[in-house]
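Undergrad: Below are the structure tokens for one structure; questions will follow.
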Amino acid sequence: MRLVSQIQNTDIANMKNQSILFVWVLFSLALWVACGGNEDNGLQSPVIVSPDNFEQLDHCVDVRWYEQSEAEMYLIEIAVDEPFDTVLYTNEVTATAIGGTTSSFVYAVDRADTMYVRMRASNASLETAWSDVIKFYTDTTLTYDCFNPPAPPVTLQEPENFGVLQADSAFVSWYPELDALSYALQVVEDAPVFDLETGSFILNISGISDSYKQVNGLQPGNLYYWRVNVYKNGQPGFWSDPWQFTVE
């Protein structure tokens, strides 16, 4: 009986050891999969930092990600469906091998749509799993050169937005832009309609060398809207959001 008991105890111990080994193997496999199957070399699935999830873009899509020192190549895919059955753009980008920095690749898309982007990294021996998928939206209304975009809107200064003036003329001003060649100013009354055919312009002028301009002919009781853009890099920049003021 003692021999039988010893055999049974040995079998139980063996079963426990086998169970522990099995659990350890499963844990190791799960960890390996979670890391993209990259063993111990530190290579991870890329982290996309731009565009933001659900971001509304124009036709220029700037895909940005964090570099990894272990990576040699990145594969980018942009599709119109999340399963990535219909991939519109695919590119391989050589890694800079400078960990912690941010790299980018710019696409000039030719359609307004809901789109999805994903990436993965690789080196000579390994390839990561795909990154988290980012969903974004595009609009092709604007068609400027994505690789030489217009200057961003200038920042308006005075009169302050929703200000009240008590004169028939006023100086409007904005903060100067570095390397600006000139500025354009538009002032309309009654409504913020800057269409050349339907807007009620009291001033529409370009080639302004200073960061201010006097506006004459203001009428008491009227509401005015104004906006500015800068001319630099061989093209006009984006218009600022309009500000408004009234005259008493």
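The values are calculated or read from the model by the stated rules, or taken from the named source; none is laboratory data. Just so it is clear, the model here is predicted, and its values are computed rather than measured. Cβ: placed from backbone, ideal geometry, glycine included. Neighbour counts: every protein chain shown.
Undergrad: Scan region 208-239 for residues that are under 15 Å from residue 148 (Cβ atoms) and outside any strand (DSSP E or B) and jot them down.
TA: Once the filter is applied, which keeps residues that are under 15 Å from residue 148 (Cβ atoms) and outside any strand (DSSP E or B), region 208-239 yields 233, 234, 237, 238.
Undergrad: Can we say residue 179 is of a type outside the set (Val, Ile, Thr), assigned by TED's automatic domain parsing to the domain that holds residue 73 and either within 30 Å of residue 107 (Cβ to Cβ) or assigned to a loop (DSSP other than H, G, I, E, B) (or both)? Steps first, please.
TA: Details: of a type outside the set (Val, Ile, Thr): yes; assigned by TED's automatic domain parsing to the domain that holds residue 73: no; either within 30 Å of residue 107 (Cβ to Cβ) or assigned to a loop (DSSP other than H, G, I, E, B) (or both): yes.
So residue 179 fails the test.
Undergrad: On to the next question. Taking residue 88, is it out of contact with any helix residue (DSSP H, G or I) (no Cβ under 6 Å at 6 or more places or on another chain), outside any loop (DSSP other than H, G, I, E, B), closer than 23 Å to residue 42 by Cβ and not basic (Lys, Arg)? Write out each step before concluding.
TA: Working: out of contact with any helix residue (DSSP H, G or I) (no Cβ under 6 Å at 6 or more places or on another chain): yes; outside any loop (DSSP other than H, G, I, E, B): yes; closer than 23 Å to residue 42 by Cβ: no; not basic (Lys, Arg): yes.
Against the criterion (out of contact with any helix residue (DSSP H, G or I) (no Cβ under 6 Å at 6 or more places or on another chain), outside any loop (DSSP other than H, G, I, E, B), closer than 23 Å to residue 42 by Cβ and not basic (Lys, Arg)), residue 88 does not qualify.
Undergrad: Right, something else. Considering region 182-201 alone, what residues qualify as being modelled with pLDDT of 95 or more and either surrounded by fewer than 17 Cβ atoms within 10 Å (Cβ to Cβ) or within 12 Å of residue 213 (Cβ to Cβ) (or both)?
TA: Answer for region 182-201, where residues must be modelled with pLDDT of 95 or more and either surrounded by fewer than 17 Cβ atoms within 10 Å (Cβ to Cβ) or within 12 Å of residue 213 (Cβ to Cβ) (or both): 182, 183, 184, 185, 186, 187, 201.
Undergrad: OK, next. Can you give me the ranges of the strands (runs of 3 or more DSSP E) entirely in region 91-153 with at least 1 residues that are within 30 Å of residue 176 (Cα to Cα)?
TA: Qualifying strands (runs of 3 or more DSSP E): 102-108.
Undergrad: Sticking with this structure for a sec: Do we find a residue being among the acidic types (Asp, Glu), surrounded by fewer than 15 Cβ atoms within 10 Å (Cβ to Cβ) and under 19 Å from the mean Cα position of the chain (by Cα) anywhere in region 83-105? Break it down into steps so the answer makes sense when it comes.
TA: Initially, region 83-105 is screened for residues among the acidic types (Asp, Glu), giving 85, 92.
From what's left, surrounded by fewer than 15 Cβ atoms within 10 Å (Cβ to Cβ): 85, 92.
Then keep just the ones that are under 19 Å from the mean Cα position of the chain (by Cα); that gives none.
No, because not a single residue in region 83-105 is among the acidic types (Asp, Glu), surrounded by fewer than 15 Cβ atoms within 10 Å (Cβ to Cβ) and under 19 Å from the mean Cα position of the chain (by Cα).
Undergrad: Of the residues 139, 210, 179, 110, only one is surrounded by fewer than 15 Cβ atoms within 10 Å (Cβ to Cβ) and more than 26 Å from the chain's Cα centre (by Cα); which?
TA: Unique residue meeting the criteria: 210.
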